[in-house]
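What follows draws every value from the coordinates through simple rules; no lab data is involved. This structure is a prediction, so every number in the text was calculated from the model and none was measured. For neighbour counting, all protein chains shown are included, and Cβ atoms are generated from backbone atoms with ideal geometry for every residue, glycine included.
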Amino acid sequence: MIRRIFHLSIGFPATLMAVLLLTSPVYSQNTMGARSLSMGQTGVAMPSDNWSIFSNVAFMETEENQVSFYGFRYLGISEITDMAASGNLQSSWGTFGVGLHRYGFNLFNENRMRLGYKNQLGNFHYGAAINYTHVFQGGNYGSAGALGIDLGMGAKVIDGLWLGARATNLNQPAYGATDEELPRELAVGFSYQLTTRAFFTSELVKDVSFPISYRAGLEFEIFDSLFARAGTTTEPETYSFGFGYSADSWLINIAMQQHIPLGLSPALDLGIRF
């Protein structure tokens, strides 16, 4: 996602945030979901996650249909909020998925729509997604859009151990009169079921415009269906934690992320299975 704010006349807290963002490196975040956020924005090697349409299309759920909704508010400022929805549908040809995402407010916003497909050959999973991004800037700056192509793959190595990789915007899409490129990144990682109640995941993410980011997260089932989570990232430096509850037909996750030096941001998502 493009993390930019072009107008400063939106109140003191948002103005301060805008100044901080414009005078420091701007980092993209392509993963969605409070579970992912609480586990250090990981997701490339998480099989059957509700938000795999964003994190790794090859790991979309293949056993049941899902619909999910997500919200993430940066530092509690309404003008810089992520909202997203995702869903998947099983068929005899494989799994189809859709993702919708909006970031920003009326003076600047970025909107994405994703359509994805996945299938598998034994323990090898593969998928692709078409991603349309539309950027609107207030005033006389106008709007523009671009179409990107993402690929994902993953494999079950042994029971409990998964490897995953994704490539974002492989076709190098650009938008607008200045041909500004959309974020391109490569992510590789693994996940491992440490015990029946403990799950660990780790990955490396390289955006073409930024240093390599190391991410890791741990999930522990406290009681049946009740989970505690924690994670960390480098470039940028963040620490996060959260909780989740998963019932037979629905789930809910909450998360808090501490960005160094900007501050604390909350997230929430809700999923329905059918």
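Observations
- Region 177-248, relative contact order in percent, only Cα pairs under 8 angstrom and at least six apart counted: 21
- Helix 12-22 and the longest principal axis of the C-alpha atoms of the chain enclose an angle of approximately 80°.
- At most 14 other Cβ within 10 Å, DSSP loop - trypsin sites (Lys or Arg not before Pro), region 86-182: none
- Phi-based couplings in Hz for region 106-114 (Karplus 6.51, -1.76, 1.60; Gly and Pro marked x): 5, 8, 8, 8, 10, 10, 10, 10, 10
- Amide hydrogen neighbours beyond the local backbone of residue 209, cut-off 5 Å, H modeled: 184
- Packing-based exposure ordering (other Cβ within 10 Å, fewest first) of 234, 95: 234, 95
- The distance linking region 190-254 with region 69-134 is 19 Å (Cα centroid to Cα centroid, whole angstrom).
- Each of the peptides 53-63, 216-226 was scored by the mean count of other Cβ atoms within 10 Å over its residues; in descending order, highest first, they stand as 53-63, 216-226.
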